[in-house]
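Please read the structure below before turning to the comments.
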Amino acid sequence: MPAEHASLTRPIQPAPATQPAMYFDQIRRKAFKQLLKGRFSEGAALLDAAWTIQADDSVARARALTNEYLKIRQKADAERKAEFDAAVRHVRMARLAEKYRPELVKAKLPGKVPDNQAENLPENLAEKLWDNLKDIVDDVSSADELITVDSTSRPAKVREEAFKHMDSATEKIASACESVTDREGDWPDAFRASADRLRNALAGYRKAWRSANRSNNRRVLKTASEKVQDALIDISVLVSRKPLTAALGHAREAKKLTDDSESLGRQEWIRRLIRDADKRGKELIDNGKWVDALMIYGSGGLTGLDEDSVAFKDMLKKANRHVRMINIYGGNGLNRDNNNGNSSKPQTTKPANGDGSDSSIDQPRWRDMIVRIDTAMVRDAIEQIDDNYVKEPDHRKIGIAGLNAVRILIETKQAGETLKILKDEKKRKAFLESIDGQIKYLRGIRTVDQKHVKDALHHILDSNAETLEIPPEIIDMEFAEGMLTALDRFTSMIWPYQIDDFRKHIDGAFTGVGIKIRKEPGKPIEVVTPLLNSPALRAGIRAGDYIVRVNGKKTETMMLERAVKLITGKKGTTVTLTIRRTGRSKPFKVPIKRDTIRIRTIKGWRRLPNGSWDFFIDPAARIGYVRLTQFTLDSPGELRRALREISHAKPPARGVILDLRFNPGGHLRSAVRVSDEFLKRGLIVRTKGRNRPEEKRNATPQGEFQRGQVVVLVNQYSASASEIVAGALKDWGRAWIVGQRTYGKGSVQEPWPRRRPRLKLTTGYYYLPSGRCLHRTNGAKVWGVDPDIPVMATARQTSRWLEISQETDLLKSVDAGKLSKLLSEQLREDIHLQTALLLLRLKLLSETKPAPAAKAA
């Protein structure tokens with residue numbers, strides 16, 4: 001058992017009879033000191049010792065709180081260990097599948113197939129098993145969706161529908177097992193064992209549904225569902241079309257789940273996996289299999305396993321560039337191969353035009369993208385890089401990267417589907433020779449400056465005019481996109497077609513219906529959540545709804561960016577969404593009038609009937625909770641009003657939890673003003689770059705919450721402005737930082753020119769009051785903000801409370817008891833938030849005077 005939990009099993013040793021009571025205060029102080037440093041096991045042991053001397057009320061309450069927390073933490077750590085073991089097991093299963101897959105591909109299906117059915121049936125056993133698995137996943141997903149259906153008035157009907165989906169899944173498992181009945185060996189044995197596990201998990205799921213009271217047993221259903229998901233992952237790994245990619249994904253998961261990733265990286269099985277994957281990735285690149293190569297080298301693959309490898313990053317850049325070209329200039333983009341092995345979980349795909357719909361709406365229109373682009377924009381960007389980039393730019397690399405990007409466009413065969421001139425081999429070859437000549441020239445000369453880069457651009461524009469005659473705007477765009485890859489991933493062009501989205505992000509406002517959406521390949525658009533007080537929410541749109549059409553246009557093959565443009569529009573105009581909802585037999589149309597959507601970035605703990613927030617998470621202890629989702633220009637004012645509400649309450653708040661998890665950042669000015677609400681004086685952040693003067697931002701004594709206790713919650717997705725706030729409060733000892741190390745995005749981006757931005761350029765780095773640079777550079781061991789009290793949470797543990805949070809954020813006109821129950825469940829699943837609450841409660845207890853504990857009569 002970890003030392004952290006040792007106090008759970010250690011018996012309390014009574015104090016010697018001769019030990020004077022005067023030692024009680026000393027031991028009590030030591031106990032709280034350890035507890036407030038996050039050393040909960042040591043603190044619990046000291047509390048036990050203090051209790052044997054004097055039955056003090058504050059000690060009794062602290063013991064109860066701490067021991068309960070340690071039990072929860074022990075369970076969470078055990079879950080994480082189990083998930084780590086499962087990830088390692090999945091890697092081994094995927095390597096086994098990799099060896100056995102050729103046999104499955106060679107195995108023909110038994111029996112004669114009628115000619116009129118042949119094209120609809122799988123070609124071999126591997127495809128049959130894959131199809132079986134997709135169907136099983138669809139059945140289980142349909143049953144899972146029923147968990148959140150509001151069906152208290154008809155629970156029997158919902159239960160019956162869930163049973164129907166589980167019966168269907170069980171039949172398909174039997175069909176899959178029948179296909180491998182006569183096969184022997186490690187893989188068939190593993191498959192049959194995994195199928196048995198899935199059958200047992202489904203039986204448990206059915207039992208949970210049979211006994212579930214829909215009003216209070218959602219947690220039982222979710223737990224049973226998780227066991228089914230675990231069993232599904234086992235089978236999906238074994239029948240994966242891309243087992244090597246699946247192995248990489250699960251190895252990456254194992255790395256995220258361990259406390260010692262360096263030790264994991266030295267193990268032979270993972271080193272062998274990296275070698276094999278790199279070899280396969282190079283083969284894929286040599287053969288032009290760009291999407292598969294992208295999956296090998298992506299963040300879920302090799303660059304995720306070895307984040308410092310420059311070679312892997314270069315391969316990833318190359319694959320990314322080719323995939324971009326296919327997506328933008330290929331006739332059907334990537335829709336012909338949506339499932340590229342990036343996940344061990346299958347995803348249903350359909351042809352782009354299988355229903356006769358207009359495919360032109362489903363792809364980025366390069367003609368729309370190049371509108372109002374000209375060479376002057378690219379020349380200006382080159383000059384701004386030379387003048388203002390954070391480091392001395394390597395113009396040789398910049399120029400060659402731009403030329404290579406244009407070369408990749410010309411070499412991409414799929415681009416010939418929309419740029420027909422590329423099929424003229426003579427002209428194509430002449431243009432490539434011109435590009436190669438410029439690359440050779442830039443490599444050969446002694447020094448390269450910005451003028452050489454601009455000359456290279458003009459040279460290939462002239463050559464294009466003499467040969468292929470591709471629209472020059474395309475050359476400008478691809479040269480610029482390519483050259484910026486030689487800098488950093490946060491520097492980017494702001495093309496005319498992107499300006500509305502850029503302003504939406506900066507201003508925190510846009511015109512639309514107010515929904516967050518996401519998209520999986522081959523599936524309709526899913527509503528993550530409607531925004532508060534939005535037209536979508538008023539129209540009855542719910543989280544989990546699927547938008548199958550937008551103004552009559554199907555969304556299955558539509559790219560997310562295209563969908564956003566169709567849904568947003570001018571204020572007062574109407575968009576019609578066709579919704580598919582679990583529990584409804586048919587899709588239905590919802591017309592919604594577009595309106596100005598202001599992104600509200602401050603949330604509290606509990607929604608009130610009037611739509612406002614209750615910011616007290618623990619009213620008895622007077623502990624507040626404020627969640628800041630991003631840093632817009634309005635965020636500091638919203639936060640100030642929230643802090644004023646809790647600090648002026650009667651009695652006022654004694655502590656507050658500031659939740660910055662999943663906050664991607666935003667305005668520097670907002671970060672400074674948010675920090676200023678908690679700090680009385682001193683440096684908040686310093687910015688410094690190559691050609692920008694050092695700027696210091698200091699706190700003022702005007703903040704709303706400068707006295708009470710503060711805990712800041714962060715995780716690996718807290719970035720930029722979030723890191724500035726967390727870092728400043730940590731360096732000045734103003735707050736405990738709880739959670740996981742932050743993202744490490746500590747660079748300053750500025751739009752150039754400021755009035756009509758065309759380039760978002762990295763011009764400096766952020767430095768905390770301690771002098772630490774927040775930014776994560778290649779090979780760095782130190783970046784971001786380290787928590788004072790590290791608390792690891794797995795993706796599954798996080799998703800549990802996030803899923804409930806998406807529901808509770810919107811609930812206001814519901815039974816108060818139901819909302820309280822959901823919030824209790826949300827808190828129970830959130831180990832970060834429980835840690836923050838414990839710290840504040842212990843701190844407040846430590847400030848109370850010792851008093852005899854109440855005795856039972």
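The values are calculated or read from the model by the stated rules, or taken from the named source; none is laboratory data. In this text the structure is predicted, and so the values were computed from the model without any measurement. Note that each Cβ is placed from the backbone with ideal geometry, even for glycine, and that neighbours are counted across all protein chains shown. Heads up: the accessible areas ignore ligands, DNA and RNA and are worked out on the full protein's heavy atoms, side chains in. Shrake-Rupley method; radii C 1.70, N 1.55, O 1.52, S 1.80 Å.
Just to verify a number: what accessible area does R776 come out at with the full protein assembly present, 1.4 Å probe, Å² rounded to tens?
80 Å²
Quickly work out the E411-to-K397 label distance, labels modelled 7 Å from Cα along the C-beta direction, and quote it in nm with one decimal.
A separation of 2.0 nm, rounded to one decimal place.
If you fit an axis through the alpha-carbon atoms of helix 57-106 and take the longest principal axis of the Cα set of the chain, what angle between them do you get, 0 to 90°, nearest 10?
So the inclination is approximately 30 degrees.
Please report the carbon-and-sulfur percent of the accessible area for region 693-777; probe 1.4 Å, protein heavy atoms only, DNA, RNA and ligands left out. List each step's numbers first, then the result.
Values: 1560 of 3440 Å².
Looking at region 693-777 in its full context, I get 45 percent from C and S.
Please give the per residue accessible area of region 207-256, computed with a probe of 1.4 Å over protein heavy atoms only, in Å².
Dividing the accessible area of region 207-256 by its residue count gives 37 Å².
What nm distance separates the two modelled labels at R61 and S211, each placed 7 Å from Cα along Cα→Cβ?
Here the modelled spin labels are 3.7 nm apart.
Suppose R0 equals 22 Å; then what is the FRET efficiency for E262 and V782 from their Cβ-Cβ distance, rounded to the nearest 0.05?
Details: r = 15 Å, r/R0 = 0.66.
In this case the efficiency is close to 0.90.
Express in Å², to the nearest 10, the accessible area of L679 obtained by rolling a 1.4 Å probe over the protein heavy atoms while all chains stay in place.
So the heavy atoms of L679 present about 10 Å² to solvent.
Just flag the GluC sites (Glu not before Pro) in region 446-550 sitting in loop per DSSP whose Cβ has no more than 14 other Cβ atoms within 10 Å.
For GluC sites (Glu not before Pro) across region 446-550 that sit outside H, G, I, E and B with at most 14 neighbouring Cβ atoms in 10 Å, the list reads E469.
222 nm [θ] for the chain, helices only, -39500 (n - 2.57) per DSSP H run of 4+, per residue, to 500?
One gets -16000 deg cm²/dmol as the mean residue ellipticity at 222 nm.
Could you point to the label whose value was computed as volume of the Cα convex hull per residue in Å³ for the structure here, given (i) 204; (ii) 166; (iii) 490?
Answer label, from the structure shown: (i).
Per residue, how large is the accessible surface of region 601-696? Use a 1.4 angstrom probe and give square angstrom. If you can, show how the numbers build up before the last one.
Details: 3810 Å² over 96 residues.
I get 40 Å² per residue for region 601-696.
Under 25 Å Cα to Cα from K849, which lysines show up? Leave out anything in the same chain fewer than 8 places away.
Within the straight-line cut-off, K849 pairs with K30, K33, K37, K650.
Could you compute how much accessible surface Y625 exposes when probed at 1.4 Å, giving the result in Å² to the nearest 10?
It works out to around 10 Å².
Taking Cα atoms, how many degrees apart are the long axis of helix 795-808 and the longest axis of the chain, rounded to 10 and kept between 0 and 90?
Tilt relative to the chain: about 80 degrees.
Measuring from a point 7 Å past the Cα of N124 along Cα-to-C-beta, which residues in region 224-251 have an amide N at less than 20 Å?
236-247
Of N287, A620, A82, which is farthest on the positive side of the dipole of the chain, counting Cα position, with +1 on Lys and Arg Cβ, -1 on Asp and Glu Cβ, and the Cα centre as origin?
Positive-end residue among those listed: A620.
Going highest first, how would you order 293-306, 606-619, 85-98 by mean Cβ packing within 10 Å?
Output ranking for 293-306, 606-619, 85-98: 293-306, 85-98, 606-619.
Taking the Cα centre of the chain as origin, work out the dipole magnitude from +1 charges on Lys and Arg Cβ and -1 charges on Asp and Glu Cβ, in debye rounded to 20.
So the magnitude is around 2220 debye.
Using a probe of 1.4 angstrom, how much of the accessible area of region 458-533 is carbon and sulfur, in percent? Numbers along the way, then the final one.
Values: 1440 of 3030 Å².
Carbon and sulfur together cover 48 percent of it.
Want the number for D501 to R489: 0.36 nm per residue separation, take away the alpha-carbon distance, what's left?
Values: separation 12, 0.36 × 12 = 4.32 nm, distance 1.82 nm.
Gain in length upon complete extension: 2.5 nm.
Among the DSSP beta bridges whose two residues both lie in the chain, what percent are antiparallel, rounded to the nearest 5?
Here the antiparallel bridges make up roughly 75 percent for the chain.
What is the list of residues in region 388-412 whose amide nitrogen lies under 16 Å from a point 7 angstrom out from the Cα of I439, following Cα to Cβ?
396-412
First check a/c for region 733-798, with a ≥ b ≥ c the square roots of the eigenvalues of its C-alpha gyration tensor; if it is under 1.5, answer rounded, and if not, answer prolate when a/b is larger than b/c or oblate otherwise.
prolate
Accessible area of region 606-679 with a 1.4 Å probe: how many percent of it is carbon plus sulfur?
53 percent
Could you state the angle between the C-alpha long axis of helix 635-647 and the longest principal axis of the C-alpha atoms of the chain, as a value from 0 to 90 degrees rounded to the nearest 10?
10 degrees
Could you give the nm distance between label points at K282 and S175, where each point is 7 Å from its Cα heading toward the beta carbon?
Reported label-point gap for K282 and S175 is 4.3 nm.
Placing +1 on the Cβ of each Lys and Arg and -1 on the Cβ of each Asp and Glu in region 726-793, which of V785, L759, G733 has its Cα farthest towards the positive end of the resulting dipole?
Looking along the dipole axis, the top candidate is L759.
Assuming R0 = 60 Å, can you tell me the calculated FRET efficiency for the pair D138 and D614, based on Cβ-Cβ distance, to the nearest 0.05?
Approximately 0.90, to the nearest 0.05.
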